[in-house]
Amino acid sequence: MSAELVSTRDGEEAKVKYTEALLAGLAPDGGLFTPYEIPTIDRQTLYRLSKMTYIDLFVAVKSLFVGRTITIADQKLMAEAAFTQDKFPGVIDGNFMPVNELEPGFFIQDLSRGPTAAFKDAALQPLGQELNHVLNSNGNSLRMLGATSGDTGSAAEAAVKGLAAIKLFMLSPAEGMSEFQRAQMGMLSGDNIHNISVLGRFDDCQDLVKELKSDPEFADLGAVNSINWGRISSQISYYFSGYFQAIGEKLGDPVDFVVPTGNFGNILAGYFAREMGLPIRKLIVATNENNVMDDVIQKGVYMSREAKITSSPSMDISKSSNFERLVYYLLGGDPMATAKYMRSFDSRGTVSFSDFGLPGDIMKQIDFDSGSSSHQSRLDNIRWAYNKHRTVIDPHTADAVAVARRFRTQGVPIVCMSTAHPVKFEDTIKEALGFVPIREERFEGIEGYTEDAFTVIQPEVEALKNYIRANS
Ligand SMILES: *Cc1c(COP(=O)(O)O)cnc(C)c1O
């Protein structure tokens, strides 16, 4: 089993190992690393996986994508270091991704029990361990650069905090994050963690990352954001876990998943799970008012537009970076066509499947679907979950629930992924329910960080370069 990766834009199709992709983040040609072949599992393996604890399930699925570059024994040790009771308080019986059945066949899967109460913890904790392992075995160190619209930042920082071989520069937009998210990042500033506040929006941060990466002086910077293959591949097991819990004894029957989507990382992991053979029927994208992916799925047109600031801020995007990986497979694994598609998108701000000989509803044909939500429906669904089921859900989860309630069908369980803890978005919860959710002890009073925890810069690449030079 090879587990080789290729860049979505590399016409030479040069094969890259898992560990190389992990360190590099983005491919040198601007493409994204993605599996050359997607591994598959048979029914017996599916049955075997269904009996495993989350840590064993994680290793079993992940190892198919890591190949031989890290031994299974080491992968297991790293998973045990990433998923500890200490980092994931409240986890019972090793179930790091528990589901809650609100109504018969209607599930919410809680992915956000980790150290920063974000679903990205469960992918970035393993990523930190893996990086540390690879760097230590090579005697190397690494500067890393990330961009966050909220949750990725603190989750990435928590994942590498204190690892001596890593320096992390994290860009966050001055506009659009919640005070809680800002506080979580501010708390982690210091020693190897540099928080940089960009006077602009998330897209400005992402553009800075891309621009810096194209400069040879900074080409060695690793990426720890939503496009790193290490992150996506660690999320595939979320779907296995959610599937097994929702399906119970009926292993093999279909399940639908609804995923609050921004950069298309989480739902892409669901695509890989389904391609591997997990019986997922529909993968349903839930967007907020920033409905770029809703339009791709419904109309076949990928069109960038200015991101709006919403009350589910971790999904406030104007483009979905990980979508490029799916485009690569939709275009038959043709890197030249993928590069052309992305060039067209980057230069004109819009591109259509029909320009590439694909039907406009190709994504619906392969069982994606989508819906979008609004501030009002977010509030309505927070109220619905609370009034009917005494469950407080966060605004991103509420977007998924809003869409799931439109799509649920008789006889097929539907799982909404819950991507954040409501405590992180108190204002919206208060607006919906009239009270703020109870804070666990670990989150009490965290807003007490100091302002100098963030270095403020203009959205200009020179300002960023100077800061990194001065702190390398
Ligand atoms: C990152 C994030 C999302 C979006 O996930 P993608 O993988 O970028 O689609 C949704 N909800 C929350 C709370 C997030 O932090």
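Mind listing just one residue for me: the one in region 449-465 that is open to solvent by 80 Å² or more (accessible area, probe 1.4 Å) and polar (S, T, N, Q) and, of those, modelled with the lowest pLDDT?
Residue satisfying both the conditions and the ranking: T450.
Show me the helices (runs of 4 or more DSSP H) found entirely inside region 344-455 where at least 3 residues are of a type outside the set (D, E, K, R) and either at positive phi or within 14 Å of the ligand (Cβ to nearest atom) (or both). Quick ask: steps written out before the conclusion?
Details: elements: 362-365, 375-389, 395-407, 426-433.
So the answer is 395-407.
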| task | Considering every residue within region 320-343, establish whether at least one is open to solvent by 20 Å² or more (accessible area, probe 1.4 Å) and within 16 Å of the ligand (Cβ to nearest atom). | result | yes
| Has region 55-78 got any residue that is farther than 21 Å from F244 by Cα, surrounded by fewer than 21 Cβ atoms within 10 Å (Cβ to Cβ) and small (G, A, S)? | yes
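Condition check ((1) free of Cβ contacts under 8 Å to residues at least 40 places away in the same chain; (2) over 23 Å from M315 (Cα atoms); (3) open to solvent by less than 30 Å² (accessible area, probe 1.4 Å)) across all residues:
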{"site": "R390", "(1), (2), (3)": "yes, yes, no"}
{"site": "I393", "(1), (2), (3)": "no, no, yes"}
{"site": "H396", "(1), (2), (3)": "no, no, yes"}
{"site": "E440", "(1), (2), (3)": "no, yes, no"}
| request: Check I468, I446 and return the single one that is over 23 Å from H375 (Cα atoms), at pLDDT below 90, within 26 Å of the chain's Cα centre (by Cα) and among the β-branched types (V, I, T). | output: I446
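Across region 148-168, which residue is surrounded by the fewest Cβ atoms within 10 Å (Cβ to Cβ) among those that are over 12 Å from the mean Cα position of the chain (by Cα) and closer than 24 Å to V423 by Cβ? So that I can check it myself, show each step before the final result.
Narrowing region 148-168 to residues over 12 Å from the mean Cα position of the chain (by Cα): 154, 157-168.
Narrowing further to those that are closer than 24 Å to V423 by Cβ: 154, 157-161.
On the way: S154: 33, E157: 27, A158: 24, A159: 29, V160: 26, K161: 19.
Looking at residues that are over 12 Å from the mean Cα position of the chain (by Cα) and closer than 24 Å to V423 by Cβ, I get K161.
The values are calculated or read from the model by the stated rules, or taken from the named source; none is laboratory data. Just so it is clear, the model here is predicted, and its values are computed rather than measured. For neighbour counting, all protein chains shown are included, and Cβ atoms are generated from backbone atoms with ideal geometry for every residue, glycine included. Only protein heavy atoms, including side chains, enter the accessible area calculation; ligands, DNA and RNA are left aside. Shrake-Rupley method; radii C 1.70, N 1.55, O 1.52, S 1.80 Å.
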